[in-house]
Structures are given as C-alpha cells and as structure tokens.
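What follows is a set of notes on a single structure, which appears directly below.
The values are calculated or read from the model by the stated rules, or taken from the named source; none is laboratory data. The shown structure was predicted, so the numbers you read here are calculated from the model rather than taken from an experiment. We place every Cβ from the backbone using ideal geometry, glycine too, and count neighbours over all the protein chains shown.
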Amino acid sequence: MSLTAKQVLVLFFIIKSGFVTCAASKRFNDDVSLVLRVGNGDTDNHVIGSRSKRDTSNSGAVTMTNLQVVSTIQSHYAKTIITSVMENGATSGNGTETSFMVQIPEEAFISSFNMEINGTWYASSVLSKAEAKKIYDAARNQSQNAGMVSSAGPSGSSQETVKYRKKFNVNTNIAPGSRVTFVLTYEELLERKLGKYDHIISVRPNQTVANLTIAVDIDEPQGLTSLEVDEPSLPQASVQSVSSMVKKIQYSPTVAQQQAQNAVKGIDGDFIVTYVLQDTNNGGVILVGNGGYFVQYIAPTGLNALPKSVYFVVDVSGSMSGQKIEQAKNAMLAILDQLDTSMDYFGIVLFDDTLEYWPDTKSLVQATSERISSAKSFANEKIKARGGTDINSGLVAASQALKNQPSSRASIIVFLTDGQPTSGVYDTKVIRQNILQETSGTGIGIFSIGFGTGVNSDFMRAVSYENCGRYQFIADDAEASKELENFFRQLGSPLIKGVQVEYSNNLVDQTSLSNTTKCLHFSGSEMVVVGKLQSPTCPSSWQSRVTGQGKTTNIDLYSSAATCTNEAFLERLWAYKKINSLLDQMNALSDNDVLKKEVEAKALNMSLEYNFVTPLTSMVVVQSADYQVRNQEDLFIQSFGGRINSKSTGITGSRSSTKCLSLVLFVAVMSYMGLNVQLGF
C-alpha cells in the first residue's frame, strides 16, 4: 500500500485522536438515518431517558471552527474524508442544538460517520428515522452530546433534492464547553462523461469558518492531459504537478475571502476538479491489485459514429406546469439542433392522458434542416402542461416506432417525466412488461430523465436498466435546461453496438465478473469491468477481447498486457461494482422469479462480507470491551478499509491479507425478519 504525504498526515490525526471506523457503505433513502450514541462501554447504554424541557438560553454559542476535506483519487476511484469541528462556547446550560448540511455526489456512498468528544470517538448506527430521532431527542433533552445524520430525500423524491447530490442534515446537540469533531467518509467511482472526469465537492458550511481547507490528490496511471479547477470563491487553488500522473490540489480561503461571497453564510458552492486522461490502448487499461482483483477501463477512440434513430418521449401532464414545462421546451429546442442532419432520424411523442405526435405519421424521419425547423415549431406550440400522465402509452408508441429501424442504426428513446403514472396503465411492473414485449431483441436503449420532484426513480432506473440505457435525475432549478442538453450531448455519438468483453477462462474467474455487455457505447464515455483472477498473483501476460458492431465494420480489440499494482483499493472497487450489478439485476426480476432469490442471496453474502450497508442489510454498533481498540497498527489498517470478520477475535485477517478493527458489530437483517428499516437506492 503506497501512501501520499496527505494520507500520512490524515492517518496521524486519526491515530492520535483514537479515530475508530470500519468500512460500511450505504445509499440512503428517506427512511434511513444515522444516529451517534455516547456510551460508557456498556452494551446496553443507549442514552435514552426521560424528557425534560430544554434550556435554549445558550443557543447560538456553537460555531464551526474547522472544516477540512481531503480527497484521494486513484484510477478514478475517489475517497473523501470530511472533518468538521464544532465548539460550544457557553459555560452553563443544557446544551445547544445546531445543524449543518452535508451533500455528497449522487453515485457516492457513505462508508463511515463518527464523532469525537473530548478525546473519545463514537461510531454510528443505521436505524429507522423515527427511532434515530427518538434516541437523538432523548440525548439532547438530557444535555448529552449527540449527533444525527438524516437524508433530506433521495433524488426525485423531495423538495430538498439538489442536482447530482444526495443531501444529509447533521443535527447535533453539543454540551456547554464541549468541542466535538465529526468525520464523514464517502467513496465513489468517477464517471467519464464527454471525455472528462469531474470530482465535485460541495462547500456549504452556512457560516464562515476560521480554518477551511480542501485538498485533492490525484494518482492516475494513464496520465493527465489537462486539469481544471473551478473554485467557489477566491483564492485560486494551488496545483502541484508532481508528474503527468500525480497532481496535488490545495484550496484554503481566508475568512475575508469567504465573507466576500456572503458576509453571513460564507461560501455556498461547489469545488470542482475536472481532468482528461491520455488516450490509451483501445482494448482498455487493465490494473491488477492485491489478491488478483482487477479493473478494466474501456474507452475506444478513433471510431466513426453510428447513425442514430431517436424518439423523444416528453411528459406534458399538468404536474409539469410552470418553470418545468418551459425548461423542457427550451431544452427540446436546443437538443433538436444537436441532431446530425447527414444521418440521424427522429420523432417526437408528447404524452399526458393522450398522445400527440410529430410528425403526425408517427414514423421517424431524417433530420433535415427543414424538418428540425418544423419540429421546433411543434415544440413551441404543443409543449404545454395539461392532463394526466400515461407513461405506458408514450413509451410503447416510441418502442413500436423504433423496433423496425435498420440494425445498422443506434435506436434511442429519450424519456422525460416529472412524475408517476396517473392515467392508462398505473402498475409500473405491467408498464415494464409491456415495454419489454416491444423492445426485446431490438437493442433499443431507453435513457430516462427524472425531472424535478415526485419522480418514481426506482421505476425509471429499472426501465433503463432493462432496456440498454441509463437513468439520470435532474433538478428543476435554473440550470435544468442546460443539464438536459448536456444529457443528450452524451448520447450524441454512439460508436459501438452490442459491446461484449471476454476473458480467458484460465485467467479469470468468470463468476467474479461484473457486467461484461453493453448495448451501446458512446464517444466520451467509458465501460468499466471488474473481476478476480484465478490466481492471486499478477499474470505475466493478459488475454481479453472487446467485440461489437461499428459503423462500417465489426469491432475486435485485444488486450495482452496489464499493469500490476499493490494498491488494495481495487478489491473495494470490485465489491462496489459487483454488488451494485447484482442489485440492479435483482431489482429487474419479478418477485416470483426463482433466479431473483439466488441473485439476492449473492448480493446479501457480499454485503455482509464487505460490511456494505445495502438494501439487504442494516448496521448496528455495540460499544463494549469486546470491540475495543487493540493497538495503533489496527487503527492504521482499519482506517483504510479493513473489514470485520469476527467479533470474538477482534482483529482478523481477510482474503487480501488486510486486517479490520473489530470495534463495529455488523448485523444484516432482511426486511421480513421484522426490522422496520428500509434501505435502498
């Protein structure tokens, strides 16, 4: 394991202060909270007591004195640690309640949240919102230090949603004279879009902070060709170029610079790092790490774009009224200009509780300048909010129009809605079945956009997963039209149809692989495959093959070399991708399908083994002597992704020869066992 200087400093801080956390991750929904408990070492100490009137005479005494964000990016995999220090300057009273906001990227997952009180660290429990609030309120009313993290709502389900981010409220009760440190860690695989990688850090402390620092360390074996930093305020970030592969970024605005943006709230924006990697072997870049875990990044270049047939399915129901319908209209007008008049075909269907087509023949037509102009006039006149929401009829109509397109073309449905079906077919499972009857074997890709609040994200994600596409939520804010345009721009140049990645049976354990097929590969995107070798040692030679259909010929790309590395993060990346692939497969299967139970069991077992909190598991922490810190080596190993294998032995080995600090008891509970906790995307 190689460590940067920044990581060593973070480790020193963690070890010095007795930081304790074990790798466990979760994509939270509205019914899940994290609650921090302060105990004395007894397993039954849950800080629950009688309620009493709370003294608020010292409210306002709490301030955030430090906010440090440290991100380490290795081969597009980012781990971000947010450390915030809160102080209550009051000398008497019953404690002060305060709150601050944490926003993390939409595809990220929280891997730990802990707090330190006067030198002692406490780990979190995942509970239902109601139970978490009950415990937190009880602790607060007894003037005990406590903290609660609760989701403000998943994308598309509440007014609190912000674009591209999951939002968490951190409520804290801090006793007079106390100094509390909160440490939140999240991890994500950066996605390649339009040839670039974006690492976005939300900086919204809602006050000025005396010591505010952001550090981002990038280590990309392919090497960077460009790097841009977009700061939310002055000063400019400092960028140290150690090599073409290693970059170090530092950003430390003074209080005065924070106040220049807002005298009271300080900085309110995003710190964005954008970079481009060097072009590599079209067969992909392969990294092999400890234990034989590997990742292959596939992004072929130099290929001609396929002609595409696009059908736009746009919601014009009554719930789209106001700003949303105007943004949808403006985006549609801009998107039409992106069509390639030399080879693209297109059509439009607007749906409320009826359907309205352009052209009125319901068929697709070539995108000539005259037809694009006619379609714009149609959009200007007809995109108006009205009626109910008949999603089934809109998607089935578009599927029927596309399924007879020539196989040489990339067939795409762009589906935009802000709500759930309220007309026609209401049952989303029946809608999915109806669509599959039309699209099966056609390679039609459905790319869904959940627009604004009220979206049934689970349904839209499933529709896209089952039909060769992907889902994205876009908030109905001032930049929605631009985001809609960018979404379609990512679909602008399909390069390969029917992508298939193959590995030698002698080299790779075929059961370990994540998804190895992709209906459509677009220019500027990237296909990521993870797996495990038959042997834990890095091979001297490599055999993998990428095949598919290009514009003028079949694609057949080979890779014969891999890069060997000692980095342990590849196993976590493998588990993250593999579990998510299993969960997507599970969610797409019907409840009575025998295969669903098999897939569910695999996802559950992996979630337990890697201490990941998924829709199938929950997490409970018990503070007792059985789980005490044994030594600083254990802290060191655990802080960088060690895993729990046995509570009875404390620290135990794992398949990658890493150890885990057994402070955390990880308990998985299926919903049918009676635990009232809903965990999911």
Fill in the blank from the handout: If we ask which residues in segment 267-294 are outside the structural domain of SER525 (by TED's automatic domain parsing) and aromatic (Phe, Trp, Tyr), their number turns out to be 2
Exercise for the section: Go through segment 283-318 residue by residue and tally those that are surrounded by fewer than 23 Cβ atoms within 10 Å (Cβ to Cβ), assigned to a helix (DSSP H, G or I) and under 29 Å from the mean Cα position of the chain (by Cα). Expected result: 2
Problem - Leading residue by the ranking (surrounded by the fewest Cβ atoms within 10 Å (Cβ to Cβ)) among those in segment 429-465 that are in contact with a strand residue (DSSP E or B) (Cβ under 7 Å, 6 or more places away or on another chain) and assigned to a helix (DSSP H, G or I) - result: SER457
Exercise for the section: Could you please tell me which pairs satisfy a Cβ distance under 6 Å, a separation of 6+ or placement on different chains, a first residue in segment 321-332 that is within 17 Å of GLY419 (Cβ to Cβ), and a second residue that is surrounded by fewer than 23 Cβ atoms within 10 Å (Cβ to Cβ) and acidic (Asp, Glu)? Expected result: LYS324/ASP476
Practice task
Give segment 524-550 a look and list any residue that's within 19 Å of GLY283 (Cβ to Cβ), out of contact with any Gly (no Cβ under 6 Å at 6 or more places or on another chain) and part of a loop (DSSP other than H, G, I, E, B), or say none.
Solution key: SER525, GLU526, CYS538, PRO539, SER540, SER541, TRP542, GLN543, GLY550
Exercise for the section: Give me a count of the residues in segment 404-444 that are closer than 20 Å to PRO494 by Cβ, hydrophobic (A, V, I, L, M, F, W, C) and free of Cβ contacts under 8 Å to residues at least 40 places away in the same chain. Expected result: 0
Exercise for the section: Hey, can you tell me all the residues within segment 408-427 that are surrounded by fewer than 19 Cβ atoms within 10 Å (Cβ to Cβ) and at pLDDT 90 or above? Expected result: SER408, THR422, SER423, GLY424, VAL425, TYR426, ASP427
Fill in the blank from the handout: Selection over segment 229-264 where residues are among the hydrophobic types (A, V, I, L, M, F, W, C) and assigned to a loop (DSSP other than H, G, I, E, B) yields a count of 6
Exercise for the section: Restrict the check to segment 554-568 and report whether at least one residue is charged (D, E, K, R) and at pLDDT 85 or above. Expected result: yes
